[in-house]
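Colleague: Let me give you the structure first, and then I'll get to my questions.
The values are calculated or read from the model by the stated rules, or taken from the named source; none is laboratory data. Computed from a prediction, not measured in an experiment: that's the story for all the values here. Positions of Cβ are backbone-derived with ideal geometry, glycine not excepted, and every protein chain shown enters the neighbour counts. Remember, those area values only see protein heavy atoms, side chains included, never the ligands or the DNA or RNA. Shrake-Rupley method; radii C 1.70, N 1.55, O 1.52, S 1.80 Å.
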Amino acid sequence: MTITIRPLHAADDDQAVALWNTVGLVKPWNDPHRDLSRARAVWPDLLLAAADGDEVVGTVMAGYDGHRGWLYYLASAPHRRGEGIGRALVAEAERRLEALGCPKVMLMVRADNEPVLEYYDALDYQRETTRLTGRRLIPDV
Ligand SMILES: CC(C)(COP(=O)(O)OP(=O)(O)OC[C@H]1O[C@@H](n2cnc3c(N)ncnc32)[C@H](O)[C@@H]1OP(=O)(O)O)[C@@H](O)C(=O)NCCC(=O)NCCS
């Protein structure tokens, strides 16, 4: 594997959004380009690409709110699955969060998305029973 994990730059955004569309991470109520701009404005070094040359073959968007670190938009290209790209992205996001003093990393997974929960089981994440609640402040669409 000749993959580099590095910050995802604005020039990579179209590739990242195309990947997210391919793997089903884009939701109708989220504008992915705006998600990228917002994340880059706060934590540019936590928005990561797995790059093979000029090709973006994976992404993860991490953030730190001063209490917990969060992971979003973990994806690897369908034709590059099982190469360890997802694991490498999560490991680098965790490394960067820990370097910021972040004590715990978490992510949201839909309760019925058992395959992704099993994936994170394999990465030593512990399932939690906390329920989430939220309110949209800025509609994207
Ligand atoms: C989840 C995803 C990023 C995994 O990417 P990947 O690059 O194939 O993952 P890796 O190759 O790093 O696999 C890491 C480990 O998890 C294991 N694994 C992969 N998928 C798994 C699954 N569905 N269930 C259990 N274990 C799984 C692998 O065997 C590997 O273990 P190993 O290192 O001991 O061999 C990829 O499947 C994806 O993009 N899915 C669609 C988007 C998505 O649902 N993202 C999560 C949003 S919360």
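Colleague: Give me the 1.4 Å probe accessible area per residue for the chain, excluding ligands and nucleic acids, in Å². If you can, show how the numbers build up before the last one.
Modeller: Numbers: 8580 Å² over 141 residues.
About 61 Å² of surface per residue is accessible.
Colleague: Once each part is reduced to its C-alpha centroid, what is the distance from segment 14-56 to segment 65-104 in angstrom?
Modeller: So the two Cα centres are separated by 13 Å.
Colleague: So if I place +1 on the C-beta of Lys and Arg and -1 on the C-beta of Asp and Glu, and nothing else carries charge, what would the dipole magnitude of segment 4-122 be about its Cα centre? I want it in debye, nearest 20.
Modeller: On the way: 13 positive and 18 negative charges, 59 e Å.
Here the size comes out at about 280 debye.
Colleague: Now for a different question. Quick one: with all protein chains in place, what share of the accessible area of segment 4-122 is carbon or sulfur, to the nearest percent (1.4 Å probe)? List each step's numbers first, then the result.
Modeller: Details: 3400 of 6210 Å².
After summing per-atom areas, the C and S share lands at 55 percent.
Colleague: Please list, by residue number, every one of the chymotrypsin sites (Phe, Trp or Tyr not before Pro) in segment 1-109 that is coil in DSSP and has at most 15 other beta-carbon atoms within 10 Å. Show your work: numbers first, answer last.
Modeller: Values: sites: 20, 29, 64, 70, 72, 73; in loops: 29.
Loop-located and lightly packed - 29.
Colleague: When the chain is treated as a GNM, springs tying every alpha-carbon pair under 10 Å, which of 56, 17, 116 comes out with the largest mean-square fluctuation?
Modeller: Maximum among the listed residues: 116.
Colleague: How about segment 80-141: which trypsin sites (Lys or Arg not before Pro) there are in a DSSP loop, with at most 16 other Cβ atoms within 10 Å of their Cβ?
Modeller: Taking segment 80-141 and a limit of 16 other Cβ atoms within 10 Å, the loop trypsin sites (Lys or Arg not before Pro) found are 81, 104, 110, 127, 131, 135, 136.
Colleague: Taking every pair of alpha-carbon atoms in the chain, what share in percent sits in each 10 Å bin, from 0 to the bin with the longest distance?
Modeller: For the chain, the binned pair fractions read 11, 42, 39, 7, 0 percent.
Colleague: Hey, another quick one. Rounded to the nearest 500, what is the chain's calculated 222 nm mean residue ellipticity when only DSSP H runs of at least 4 contribute -39500 (n - 2.57) each, over all residues? List each step's numbers first, then the result.
Modeller: On the way: 4 runs with 46 residues, N = 141.
Calculated at 222 nm, the ellipticity per residue is -10000 deg cm²/dmol.
Colleague: Would you mind telling me which residue in 41, 51, 16 has the biggest mean-square fluctuation in a Gaussian network model of the chain, where springs connect alpha carbons within a distance under 10 angstrom?
Modeller: Checking each option, the largest mean-square fluctuation is seen for 41.
Colleague: What is the chain's relative contact order, in percent, from Cα pairs under 8 angstrom and six or more apart in sequence?
Modeller: Values: 182 pairs, mean separation 33.1, N = 141.
Here the relative contact order equals 23 percent.
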